[in-house]
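Report on the following structure.
The values are calculated or read from the model by the stated rules, or taken from the named source; none is laboratory data. For clarity, every value in this text was computed on a predicted model and none was experimentally measured. Positions of Cβ are generated from backbone atoms using ideal geometry, with glycine treated the same way; all protein chains shown enter the neighbour counts.
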Amino acid sequence: MKALNADAWLLLSETYGFIGNSLLKPMNQTPSIGLDPAFWDEFPAVFSGERVDAGLAKLRDYAVAAGELGEDGAIENASVEYTRLFIGPPAPAAPPWETMNRADGVTVGFGEATFAMRRLLRDAGLELKNENNQYEDHIGIELLYLSELCRRIADGEPGALDPTEVESFIEEHPLAWISALRGKVEAEYPHGYIAGMLELAEGVLIWQREAVAS
């Protein structure tokens with residue numbers, strides 16, 4: 001098993017934190033730095049792989065196209081996309097919860113994965129403020145939880161999970177269902193901002209799994 005250094009763990013924490021927050025709220029409630037093509041040009045080269053490269057290319061292309069709309073128009077477009085995919089009405093086109101992406105035909109967004117994430121957050125001493133009334137197995141919350149795990153390892157905090165435990169969480173939760181969610185998103189907005197974010201997230205998750213396992 002390869003040991004990642006503190007800088008790598010911190011970079012993973014920051015990356016998951018940015019993506020997680022971007023997937024929890026529409027862009028009119030979050031920073032719009034993702035609309036700057038240069039932001040994606042400067043994305044850390046330490047992460048590599050087919051999914052990372054594809055996600056970055058999609059996000060950069062999106063940012064270039066968005067530039068033609070002006071900042072206000074681009075933010076509005078991204079926010080409408082988010083609402084259609086993750087909120088509705090009448091219902092989310094791509095429900096962002098693990099429970100609804102684990103198997104076909106699931107229409108109830110509160111299940112075993114929700115309880116599992118609730119336990120993990122509680123065990124880590126994390127409190128979900130939940131101002132948007134999200135279930136704990138929302139993709140953004142899972143990535144923010146992962147961000148905190150990586151930060152604790154980077155800082156050498158007592159009681160931080162072992163890297164193999166973090167890898168197990170990746171395998172059992174976000175990486176086990178993110179491709180299913182991405183497929184639903186791409187069916188609606190194949191070249192959209194959310195599709196690019198999910199592909200990038202999946203690529204970084206794969207990179208981390210392979211880096212730790214090698």
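For region 116-135, which positions are of a type outside the set (Lys, Arg), modelled with pLDDT of 85 or more and over 21 Å from Ile87 (Cα atoms)?
Just the residues of region 116-135 that are of a type outside the set (Lys, Arg), to begin with: 116-117, 120-121, 123-128, 130-135.
Still in the running and modelled with pLDDT of 85 or more: 116-117, 120-121, 123-126, 134-135.
Selection gives Ala116, Leu120, Leu121, Asp123, Ala124, Gly125, Leu126.
Quick check on region 169-179. Is at least one of its residues in contact with a helix residue (DSSP H, G or I) (Cβ under 8 Å, 6 or more places away or on another chain), under 19 Å from Glu98 (Cα atoms) and among the aromatic types (Phe, Trp, Tyr)?
Checked against the condition, which is being in contact with a helix residue (DSSP H, G or I) (Cβ under 8 Å, 6 or more places away or on another chain), under 19 Å from Glu98 (Cα atoms) and among the aromatic types (Phe, Trp, Tyr), region 169-179 yields at least one hit.
Would you confirm whether or not region 166-182 contains a residue that is surrounded by fewer than 18 Cβ atoms within 10 Å (Cβ to Cβ), out of contact with any Pro (no Cβ under 9 Å at 6 or more places or on another chain) and at positive phi?
no
State the number of residues belonging to region 170-189 that are more than 12 Å from the chain's Cα centre (by Cα) and in a helix (DSSP H, G or I).
10
For region 190-214, enumerate the residues that are part of a loop (DSSP other than H, G, I, E, B) and farther than 21 Å from Ala8 by Cα.
So in region 190-214, the residues part of a loop (DSSP other than H, G, I, E, B) come out as 190-192, 214.
Listed by number, the residues that qualify are Pro190, His191, Gly192.
Within region 56-72, does at least one residue satisfy the condition of being part of a helix (DSSP H, G or I), under 30 Å from Asp162 (Cα atoms), out of contact with any strand residue (DSSP E or B) (no Cβ under 9 Å at 6 or more places or on another chain) and of a type outside the set (Phe, Trp, Tyr)?
Our first condition is that a residue be part of a helix (DSSP H, G or I); within region 56-72, this holds for 56-72.
In the following step, the residues that additionally are under 30 Å from Asp162 (Cα atoms) were identified as 56.
From what is left, the residues that are out of contact with any strand residue (DSSP E or B) (no Cβ under 9 Å at 6 or more places or on another chain) are 56.
Checking which are of a type outside the set (Phe, Trp, Tyr) leaves us with 56.
Yes: one or more hits.
Name the residues in region 9-46 that are over 15 Å from the mean Cα position of the chain (by Cα) and either aliphatic (A, V, I, L, M) or part of a loop (DSSP other than H, G, I, E, B) (or both), would you?
If we filter region 9-46 for residues that are over 15 Å from the mean Cα position of the chain (by Cα), which is where we start, we get 9-10, 28-29, 31-33, 35-46.
Passing the criteria: Leu10, Pro31, Ser32, Ile33, Leu35, Asp36, Ala38, Glu42, Phe43, Pro44, Ala45, Val46.
Looking only at region 72-115, count every residue that is out of contact with any Ser or Thr (no Cβ under 8 Å at 6 or more places or on another chain), of a type in the set (Val, Ile, Thr) and modelled with pLDDT of 95 or more and tell me the total.
Result for region 72-115: 2.
Output the number of the condition that Ala66 fails; it satisfies all remaining conditions of (1) closer than 30 Å to Arg118 by Cβ; (2) in contact (Cβ under 8 Å) with a residue 12 or more places away in the chain; (3) not charged (D, E, K, R).
Unmet condition: (1).
For region 130-169, which positions are of a type in the set (Ser, Thr, Tyr) and in a helix (DSSP H, G or I)?
Residues of region 130-169 that are of a type in the set (Ser, Thr, Tyr), as a first pass: 135, 145, 147, 164, 168.
Across region 130-169, the qualifying residues are Tyr145, Ser147, Thr164, Ser168.
So is Asp162 under 20 Å from Ala8 (Cα atoms), surrounded by fewer than 19 Cβ atoms within 10 Å (Cβ to Cβ) and at pLDDT 95 or above or not?
Working: under 20 Å from Ala8 (Cα atoms): yes; surrounded by fewer than 19 Cβ atoms within 10 Å (Cβ to Cβ): yes; at pLDDT 95 or above: no.
So Asp162 fails the test.
Please identify the pairs in which a residue from region 172-183 that is under 18 Å from Arg84 (Cβ atoms) has its Cβ atom under 7 Å from the Cβ atom of a residue that is of a type in the set (D, E, K, R), counting only partners at least 6 apart or on another chain.
Here the result reads Arg182/Glu199; Arg182/Glu202, each pair linking region 172-183 to a residue that is of a type in the set (D, E, K, R).
Filter region 47-86 for residues that are within 14 Å of Gln29 (Cα to Cα) and either β-branched (Val, Ile, Thr) or in contact with a Gly (Cβ under 6 Å, 6 or more places away or on another chain) (or both); which is surrounded by the most Cβ atoms within 10 Å (Cβ to Cβ)?
Once the filter is applied, the top-ranked residue is Glu81.
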